[in-house]
Amino acid sequence: MPVPYHLLQVSGSIIFAAQGTNIVSFNSSLEHLSTWKYPVKATDAPSEATPDVEAPSTVEAPPTPEGPPAKRRRTENDEKEAQNGDAATPSSANGQKKGRFHNKPAVANISNEKPFINCLITTTDGRHVIAATGSDKTIWVFEHDGSGNLKQLSQRAMPKRPCSLTLTTNQKTILSADKFGDVYALPLIPSAEPSLPPSIQSLPSRSATPSTVPAPFKPQANDKTVHTKRNLKALENQKISMELSLKAAAEKSAAEEAAQPAAFEHTLLLGHVSMLTAITVAPGIGATGEPREWIITADRDEHIRVSRGIPQAYFIEGFCLGHEDFVSRLCVVPSRPDLLISGGGDDDLFLWRWKEQKLLCRANLLEAVRDVVEPEATKVAVSRLKAFVLAEGEIIVAAICEKLPAVVFFTLDENDNTTTTTLRHTTTYPLETEGFVPLDVELLKGENIGVGTARGEKLLVSIDTTTIATTSTTTEGTTKPPPFLVLTMEYPGCWDQQTVEDNIPAGETDLSPQDLQKLLYTTESLRKMSDFD
């Protein structure tokens, strides 16, 4: 099944989109420029030299000699060996001998989860692109030549799987948050001279030294020296046991190597006691008037924490409390960095003046969804939350709820007379084609794509059409569903939909619908089960 473009980033006139394990770039006309593909190592492919160990039932025993062996006197060692063989292979009802190895189920060959890209960001100048892949816990940094071509600069495997990335205000340090609650800082460009402040530089990492795998027991006998069927079975069991021991020792060694500290500069900044879900950085002015920055993090336990920036990230300024369910998305308003918008499993979006930990207003998201899309909806899970500054200075907020076929728009209103700031719902735009589900949204300028309008603002929406592909019957000549939609603002609150033809080479198509659903839709799984569920 084809993988949709699930993450979007716009850098000037270049559009970057994550498609499964690949990063695809487009120009302003949505024409394909290049594709970065996840490098597949030779060791990732199955090797004939090192086949997986299977159950003994599939291992063929060496041929038994046709004639009976010559008679000889049984010794004490023979009796012990016979007893061991009998214990290992008791007779079954059908005459075949079974033992703990024969009754043991086959070793499950669990295929590794694909390294799905779960984070994608760009620097403000567009010179670098940063991505994170899930299953291998790796952060990738690419150099962008300005024409959509990416050159890999580094790949760094983090101690835990990253779930959210952001950059400091100077664009030189990556902040990586993982679901275990930790936030790490690592330089954007690894170099001999650390870019992190000296007060938080990491201790020298000790290189991972693979543990020595102990030599397994090797039987002295072989199929040339053993003649009886019972002893041949015992010998086969010993060989299988040896192979299983080798595999277990290799897995233990790999786990020990993975537990070693990473051999690159990285620093643990702060931690939550709950599953961390989102991170962002907000600039501001310190008490003495100097420019500073703050790190804002959210977790599954309804907390939004405001911490000081590097190098005092251990200092907690306060908490923005008010959510009653998980917080999945944080958004600092671009032109108003003193304002923070948060959303998750609650019915509302929250608008904060984060430095004071003050809640300014709550905008009902569930009602906005019920009025247009799902009248019977009882809960929502915010999967995307982004604020855009339009040409006339108007600030709009676009929210996407998981598996709901609509984009919900809000406007940031400020009353100069009362000095109040509110988040007002303007429109809920349902996707015209039934079954389309939005995955991500980014702002485009009027001159960037297509024909401009009176307003000129355009939004690029990546959509998931796999539901249509799996539930509807397709016939020969049926057009392929488009990967993107373009929403053009005709006037405030009114959007016109335009589909974009897909002329991009197909990406991965070997994912089952169930696997694709698990990879694309993970927000609702953050919701805690209540006693009434």
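The set of residues in the stretch 299-343 that are at positive phi and under 24 Å from the mean Cα position of the chain (by Cα) contains only E302.
Residues that are open to solvent by 60 Å² or more (accessible area, probe 1.4 Å) and in contact (Cβ under 8 Å) with a residue 40 or more places away in the chain: does the stretch 331-338 have at least one? Within the stretch 331-338, one or more residues are open to solvent by 60 Å² or more (accessible area, probe 1.4 Å) and in contact (Cβ under 8 Å) with a residue 40 or more places away in the chain. Of the listed requirements (1) at pLDDT 85 or above; (2) at positive phi, G435 misses just one: (1). Among the residues examined, T467 does not qualify as part of a loop (DSSP other than H, G, I, E, B) and at pLDDT below 80. Each residue in the stretch 111-135 was checked for being surrounded by fewer than 18 Cβ atoms within 10 Å (Cβ to Cβ) and either farther than 18 Å from E442 by Cα or among the aromatic types (F, W, Y) (or both), and 5 of them qualify. Only residues that are within 17 Å of L165 (Cβ to Cβ) and assigned to a loop (DSSP other than H, G, I, E, B): list them for the stretch 282-309, please. The answer is G309, and nothing else. Go through the residues of the stretch 472-483 one by one and say whether even a single one is at pLDDT 85 or above and assigned to a strand (DSSP E or B). For the stretch 472-483, residues at pLDDT 85 or above and assigned to a strand (DSSP E or B): absent.
Of everything in the stretch 248-263 that is surrounded by 14 or more Cβ atoms within 10 Å (Cβ to Cβ) and at pLDDT 65 or above, the residue that is farthest from P187 (Cα to Cα) is A249. Among the residues of the stretch 170-180, those that are crowded, with 18+ Cβ neighbours inside 10 Å and either among the acidic types (D, E) or part of a loop (DSSP other than H, G, I, E, B) (or both) comprise D178, K179. In this structure, does I504 turn out to be over 30 Å from A298 (Cα atoms), touching a His at 6+ places or on another chain (Cβ under 9 Å) and either at pLDDT 65 or above or in a loop (DSSP other than H, G, I, E, B) (or both)? So I504 passes the test.
The values are calculated or read from the model by the stated rules, or taken from the named source; none is laboratory data. Just so it is clear, the structure is predicted and the values come from calculations on it, not from any experiment. Ideal geometry is used to build each Cβ from the backbone, glycine not excepted, and the neighbour counts take in all protein chains shown. Only protein heavy atoms, including side chains, enter the accessible area calculation; ligands, DNA and RNA are left aside. Shrake-Rupley method; radii C 1.70, N 1.55, O 1.52, S 1.80 Å.
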